[in-house]
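Everything below concerns the one structure shown next.
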Amino acid sequence: MDVHPAPVARPGTRALLRATKYDGTAHWIQPFHVVSDDGNLLVASYRARTPIYTSRGEFRSPYDSLVYFWRDRWYNVFRLSRPGCPLALWYCNVTTPPTYDGQQIGYIDLDLDVTVRPNGCIELLDQDEFEVHQKLYGYPRDVIDRAESAARELRCLARSGSFPFSEG
Ligand SMILES: [Mg+2]
């Protein structure tokens, strides 16, 4: 019997995103506030200029972000806009499905990214990094397949203007 059901995030509370690479090293740590959580889809917001830790040093994003994390999907979607401005772009990260422990959102970053611009331009980024890391970290075959299918699903959702890309 599971005596510790998976926590559901309460709107307005803080949630810290801690993304790692496949070997467990810290990759990206970003503070959020929870907007909503239905037990699968957790939506969180980030205020522009709040410090973010990255493996390449501190970063302050110029974008307000609304982020969609589905507990059963191998990606997340960042809706980026400069404060007071309309949508600038969607930035989608291919990752393992996220966990939420009541305070932190965690996943493994799997390199591939998809960007979607308001003009309909869709790009797949970091395929070279994905190739290198498959060998460096020894991604299992099913992880490679899941990541590639996540990148395909993102492009398909974007092309058809499906949620969350309908929320421009
Ligand atoms: Mg990447």
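Within segment 102-129, restricting attention to residues that are charged (D, E, K, R) and surrounded by fewer than 13 Cβ atoms within 10 Å (Cβ to Cβ), which residue is farthest from the ligand (Cβ to nearest atom)? Don't jump to the end; show me each part of the working.
Within segment 102-129, the first condition is being charged (D, E, K, R), and the residues that meet it are 109, 111, 113, 117, 123, 126, 128-129.
Cutting the leftovers down to surrounded by fewer than 13 Cβ atoms within 10 Å (Cβ to Cβ) gives us 123, 128.
Values: Glu123: 12, Asp128: 10 Å.
Here the answer is Glu123.
So which residues in segment 16-36 are touching a residue at least 60 places away in the same chain (Cβ under 8 Å) and under 28 Å from Asp142 (Cβ atoms), if there are any at all?
Leu17, Arg18, Ala19, Thr20, Lys21, Tyr22, Asp23, His27, Trp28
Residue by residue through segment 130-168, note down the ones that are surrounded by fewer than 12 Cβ atoms within 10 Å (Cβ to Cβ), among the small types (Gly, Ala, Ser) and either touching a residue at least 12 places away in the same chain (Cβ under 8 Å) or over 16 Å from Arg79 (Cβ atoms) (or both).
Gly138, Ser160
Please count how many residues of segment 152-168 are more than 21 Å from Leu42 (Cβ to Cβ) and in contact with a strand residue (DSSP E or B) (Cβ under 8 Å, 6 or more places away or on another chain).
So the count comes out to 2.
Got a number for residues in segment 49-105 being of a type in the set (Val, Ile, Thr), under 25 Å from Ser149 (Cα atoms) and not in a strand (DSSP E or B)?
Summing the residues that are of a type in the set (Val, Ile, Thr), under 25 Å from Ser149 (Cα atoms) and not in a strand (DSSP E or B) in segment 49-105 gives 1.
Residues that are acidic (Asp, Glu), more than 16 Å from the ligand (Cβ to nearest atom) and either part of a strand (DSSP E or B) or under 15 Å from the mean Cα position of the chain (by Cα) (or both): does segment 150-166 have at least one?
Yes, segment 150-166 has at least one match.
Just to be sure, is Arg49 out of contact with any helix residue (DSSP H, G or I) (no Cβ under 8 Å at 6 or more places or on another chain), within 20 Å of Leu157 (Cβ to Cβ), more than 16 Å from the ligand (Cβ to nearest atom) and among the basic types (Lys, Arg)?
For Arg49, the condition - out of contact with any helix residue (DSSP H, G or I) (no Cβ under 8 Å at 6 or more places or on another chain), within 20 Å of Leu157 (Cβ to Cβ), more than 16 Å from the ligand (Cβ to nearest atom) and among the basic types (Lys, Arg) - is not met.
Scan segment 120-143 residue by residue and report those that are under 22 Å from Ala158 (Cβ atoms) and modelled with pLDDT of 95 or more.
Cys121, Ile122, Glu123, Leu124, Leu125, Asp126, Gln127, Asp128, Glu129, Phe130
Can you tell me which residue in segment 60-101 is surrounded by the fewest Cβ atoms within 10 Å (Cβ to Cβ), limited to those that are of a type in the set (S, T, N, Q) and within 22 Å of Pro140 (Cα to Cα)?
My answer is Thr99.
Tell me, yes or no, whether segment 68-79 has at least one residue that is out of contact with any Cys (no Cβ under 7 Å at 6 or more places or on another chain) and of a type in the set (A, V, I, L, M).
No, there is no match, as no residue in segment 68-79 is out of contact with any Cys (no Cβ under 7 Å at 6 or more places or on another chain) and of a type in the set (A, V, I, L, M).
Name the single residue, out of those in segment 75-89 being more than 24 Å from Thr13 (Cα to Cα) and in contact with a strand residue (DSSP E or B) (Cβ under 6 Å, 6 or more places away or on another chain), that is farthest from the ligand (Cβ to nearest atom).
Checking each candidate, the answer is Leu87.
The values are calculated or read from the model by the stated rules, or taken from the named source; none is laboratory data. Because the structure is a prediction, the values reported are computed rather than measured. For neighbour counting, all protein chains shown are included, and Cβ atoms are generated from backbone atoms with ideal geometry for every residue, glycine included.
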